[in-house]
1. Any chance you could get the radius of gyration and Dmax over the Cα atoms of region 41-153, in Å?
2. Using the Cβ atoms and a cut-off under 10 Å, what net charge is assigned to the surroundings of Phe207, where Lys and Arg are +1 and Asp and Glu are -1?
3. Placing one identical point scatterer on every Cα of region 68-114 and ignoring solvent, what is log10 I(q)/I(0) from the Debye formula at q = 0.28 Å⁻¹?
4. Given charges of +1 on the Cβ of Lys and Arg and -1 on the Cβ of Asp and Glu, with all other atoms neutral, how large is the dipole of the chain about its Cα centre, in debye to the nearest 20?
5. Could you compute the FRET efficiency for Leu60 and Asp104, with r as their C-beta to C-beta distance and R0 at 45 Å, rounded to 0.05?
6. Can you give me the accessible area per residue for region 77-164, using a 1.4 Å probe, in Å²?
7. Tally up the carbon and sulfur contribution to the accessible surface of the chain as a whole percent, 1.4 Å probe, everything protein left in place.
8. Can you give the alpha-carbon Rg of region 213-290 over 2.2 N^0.38 Å, where N counts its residues?
Amino acid sequence: MITEGLKGRDFINLRDFTREEIDTMIEVGLQLKADNTIRRRHDDILPLRTLFMMFFNPSLRTRNSFEAGIFQLGGHGHFLQPDATRLPTLEGEDQGYGSERISDVARVLSSMGDAIAIRILGDKVNWEYEKSQKIIKEFAKWAEVPVINMEDNKDHPCQGMADLMTLREMWGRDFTGRKVGVTWTWGSSPKKPIAPHHDFMYVASLFGADITFARPKEMRIDPEIEAAIKANVELYGGSYTVSEDMNDACEGADVVYAKNYVALDLLPPVTSKPQPEEMVKLFDKYKNWIADEKRMNLAKPTAQYMHCLPCERGAEVSDAVLDGKWGTACFHEAENRLHAQKGVMACIIP
Ligand code: CP
């Protein structure tokens, strides 16, 4: 398999990669997954490599899939909590001995290891939408090793890769004629990220799916991502339709991706500070937006429910959906975080 041009690259957002490059990383991940089932060892792929994993926010899937994944490839993952090491800061935000400039942190970690992975979003950047990816890009500017985005406010490319792997396992490489229903749902807190929606629709649009995206009118996605999805549809076929009725996403769907996410118009930079109470009031106008049996019965009989997890049961999805015949793909999606990220690491870490 040709992986030329990928070694040493940062993995910050999927739009930095061609469809063929994404395809290559998925194929490598799928091969590693197939080998995993027969316990074939792959610890010669990244022997003795160190991955530094810097988590500003909590994680179950991302931390454990990266830690297990780098180990299975022969390397080692270090878990770093920024507030335990000293807060990495941008120029102008230094806090004396309590912080350390990102330019310095990135160069020091580069001298000791082989890749730096970072998760930073939400309240850790005071909900400033663009700031989290700016911080990850600042690490990439100074690091001499690949930098991996483990989720920021805008992108969750590792989740997108696992979603793509899951869709590919169900349908093969060509998604032509597959209806992908994507929808916002109600949620009880004004904190859930929008990045998984972005990357799910982006990868589905790379391979020709017919996407119907349902959301209340106030719940727009990032226009840059929407433009990228439309550009993919122009290039690779399929379609992208937006609706204000959740049923439109579910009717006849092969997959229903249903999750709550924050209202971008109630967060900086649109507002001067986050508006959590306004957001809860807005969400509560749409309390019936839930992926329940009634909605899933509108989809094809073989339809699957998808969500990046963790999900809010009873708000985003009913127990009967997640624990019933519709929920299988959701747990494959979680498992595929391991295999997809192994594909990414095997391709980009020198
Ligand atoms: N989907 C996902 O990123 O899960 P974690 O927050 O548990 O890492």
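The values are calculated or read from the model by the stated rules, or taken from the named source; none is laboratory data. Keep in mind that what you see is a predicted model, and the values were worked out from it rather than measured. Every residue, glycine as well, gets a Cβ built from its backbone with ideal geometry; the counts of neighbours run over all protein chains shown. Note: accessible area is taken over every heavy atom of the protein model, side chains too, but ligands, DNA and RNA are not part of it. Shrake-Rupley method; radii C 1.70, N 1.55, O 1.52, S 1.80 Å.
1. Looking at region 41-153, its Cα Rg and Dmax stand at 14.0, 47 Å.
2. Local net charge: +2.
3. -1.03
4. 480
5. Plugging the Cβ-Cβ distance into 1/(1 + (r/R0)^6) gives 0.90.
6. Working: 3650 Å² over 88 residues.
Computed with neighbouring chains in place, this is 41 Å² per residue.
7. For the chain, the apolar C and S fraction of the accessible surface comes to 51 percent.
8. For region 213-290, the normalised Cα radius of gyration is 1.25.
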